[in-house]
Amino acid sequence: ALVGRECRVTTAFDADTGLGRCKVDGDDWRAQLSNRSKAGTAQEHAAVWIERVESNTLIVTIENPNS
């Protein structure tokens, strides 16, 4: 139900690990960028989109799949 949804970055992504945090539906999730090289463009409050969920981690992208 989360795949394809937009969420907001609450903790900026680390360039080395690709890890950060995002909020969707009021819940704050651990998140990882699918493309770590884009970490600098996914700062706090930026919109990202959920590609998949692995355990308790959202795998997200900065490219809107709906555009």
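The values are calculated or read from the model by the stated rules, or taken from the named source; none is laboratory data. Fair warning: this is a prediction, and the values are worked out from it, not measured in the lab. Here Cβ is always computed from backbone atoms with ideal geometry, including for glycine, and neighbour counts include all displayed protein chains. Side chains included, ligands, DNA and RNA excluded: accessible areas come from the protein's heavy atoms. Shrake-Rupley method; radii C 1.70, N 1.55, O 1.52, S 1.80 Å.
Structure notes:
- Segment 36-54, subset of a type outside the set (D, E, K, R) and at pLDDT 90 or above, residue surrounded by the fewest Cβ atoms within 10 Å (Cβ to Cβ): His45
- Index of the failed condition, Ile59 passing every other in (1) under 9 Å from the mean Cα position of the chain (by Cα); (2) open to solvent by 90 Å² or more (accessible area, probe 1.4 Å): (2)
- For Arg30: the one exception among (1) open to solvent by 70 Å² or more (accessible area, probe 1.4 Å); (2) within 12 Å of Thr61 (Cβ to Cβ): (2)
- Selection count, segment 7-27, where residues are open to solvent by less than 90 Å² (accessible area, probe 1.4 Å), within 18 Å of Glu54 (Cα to Cα) and within 11 Å of the chain's Cα centre (by Cα): 9
- Entirely in segment 3-67, the strands (runs of 3 or more DSSP E) that have 3 or more residues that are on the phi > 0 side of the Ramachandran plot: none
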